[in-house]
Amino acid sequence: MNSYAKPIRVGIAGATGYAGVELLRLLTRHPAARVAAAMGSPGSQPRRVPALARVWDAPVDGLDIDTLVNHTDAVFLALPDEASAQVAPALVKRGKRVFDLSGAFRLRNADERHRWYPHTPEPPDSVVYGLAERHRGTFGGSSLIACAGCYPTAAILALQPLVQADLLSAPIIIDAKSGISGAGKTPSERTHFSECHGSLSAYGVFAHRHAAEIEQEVGVPVTFVPHLVPIDRGILETIYGQLRPGVTDADIASAYMAAYANSPFVRLTGSDLPEIKHVAHTNFCDIGWRVSDATRQVVIVSCIDNLVKGAAGQAVQNFNIAFGFDERTGLN
């Protein structure tokens, strides 16, 4: 039951995908939101989603922009990049606040955006990058929040405080592993059970769009190699960096604590390295690290649930901040 006198009316487009289902689960119990519309992707037919039984028993309708405009105050887009590239500007133009879970508007550099998201038009002036722990102060006046990607969320939260404090030198290597749900719900040969079960594979080497997003936010080059692991959800990134002369474990801890003192969803675990099971089904990002004094190296382990902190939970956290609620509302 919503406990706010006037809940925000929200709509979800892409409500049948993994992230969309997670959004519905979160928003139907959010005390300051009322789900007014749940829709699929463009061209989809109305259908009921078994995973949402007793959560959202009404049909998930086909995408209709007029309905979203007329019946909602804010819209969450859990659509493919190409669809969001068209739908988000149309909603913004008609006065809606949009929280886009796709990558369509994350990249600020026009050349990079054209390379990785060629269907994306020139973004609205009000678009901001939606990683609350680093950009929460920009959300209030924005009509389009481009929620951070799953791999970039874990990497940026782990790296940005150390880079900003000038504690690291090149090279920085990100060995990232994600559960199968990170590939989306549309089946492919790569995500077939028989291909994934009992296996581990690298992909997108030197050719993954999330590297551009990480470098945009961190501000330094990285080597990013993602891997697919046979679990349903979760991301674990092991990040290797070289410390500048004189940097100690205490300096690392100090930089993290200064960066995240007021961030309720970042948990610093120090030398107790986090695991995916510690964050599954939560909006937490857990960050642990170990330092070698002999080699001046640091190994950082950053963990999130790709469907929550990497997608739906992150979008709800951004929604909370944009509308002036406690960012933990509906997430803790």
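Does VAL316 satisfy the condition of being outside any loop (DSSP other than H, G, I, E, B), at pLDDT 95 or above and over 15 Å from the mean Cα position of the chain (by Cα)? Steps first, please.
Values: outside any loop (DSSP other than H, G, I, E, B): yes; at pLDDT 95 or above: yes; over 15 Å from the mean Cα position of the chain (by Cα): no.
Taking the combined requirement at face value, the residue does not satisfy it.
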Look at segment 32-51 and say how many of its residues are assigned to a loop (DSSP other than H, G, I, E, B) and either more than 22 Å from the chain's Cα centre (by Cα) or within 18 Å of ALA88 (Cβ to Cβ) (or both).
9
Is it true that some residue in segment 61-84 is surrounded by fewer than 16 Cβ atoms within 10 Å (Cβ to Cβ), in a helix (DSSP H, G or I) and in contact with a helix residue (DSSP H, G or I) (Cβ under 6 Å, 6 or more places away or on another chain)?
no
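Every residue in segment 116-142 that is assigned to a loop (DSSP other than H, G, I, E, B) and either among the acidic types (Asp, Glu) or not assigned by TED's automatic domain parsing to the domain that holds ASP73 (or both), please.
Going through segment 116-142, the residues assigned to a loop (DSSP other than H, G, I, E, B) turn out to be 117-126, 131, 139-142.
Of everything in segment 116-142, those that are assigned to a loop (DSSP other than H, G, I, E, B) and either among the acidic types (Asp, Glu) or not assigned by TED's automatic domain parsing to the domain that holds ASP73 (or both) turn out to be GLU122, ASP125.
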Looking only at residues in segment 252-281 that are of a type in the set (A, V, I, L, M) and in a loop (DSSP other than H, G, I, E, B), which one is nearest to the chain's Cα centre (by Cα)?
ALA280
Hey, VAL205 hits all of (1) among the aliphatic types (A, V, I, L, M); (2) surrounded by 21 or more Cβ atoms within 10 Å (Cβ to Cβ); (3) free of Cβ contacts under 8 Å to residues at least 40 places away in the same chain but one; which does it fall short on?
(2)
Going by the conditions given, is PHE105 under 25 Å from THR153 (Cα atoms), in the same structural domain as LEU144 (by TED's automatic domain parsing), modelled with pLDDT of 95 or more and outside any loop (DSSP other than H, G, I, E, B)?
no
Quick test of your reading of the structure: HIS114 fulfils all but one of (1) surrounded by 23 or more Cβ atoms within 10 Å (Cβ to Cβ); (2) within 23 Å of GLY204 (Cα to Cα). Name the failing condition by number.
(1)
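If you go through segment 282-302, how many residues are part of a loop (DSSP other than H, G, I, E, B) and surrounded by 13 or more Cβ atoms within 10 Å (Cβ to Cβ)? Quick ask: steps written out before the conclusion?
Applying the first criterion (part of a loop (DSSP other than H, G, I, E, B)) to segment 282-302 yields 282-284, 293-296.
From what's left, surrounded by 13 or more Cβ atoms within 10 Å (Cβ to Cβ): 282-284, 296.
Residues in segment 282-302 being part of a loop (DSSP other than H, G, I, E, B) and surrounded by 13 or more Cβ atoms within 10 Å (Cβ to Cβ): 4 in total.
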Residues that are in contact (Cβ under 8 Å) with a residue 40 or more places away in the chain and aliphatic (A, V, I, L, M): does segment 105-116 have at least one?
yes
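The values are calculated or read from the model by the stated rules, or taken from the named source; none is laboratory data. Note that the structure is a prediction, hence the values are computed from the model and not measured. Counting neighbours? That spans all protein chains shown, and the Cβs are built from the backbone with ideal geometry, glycine included.
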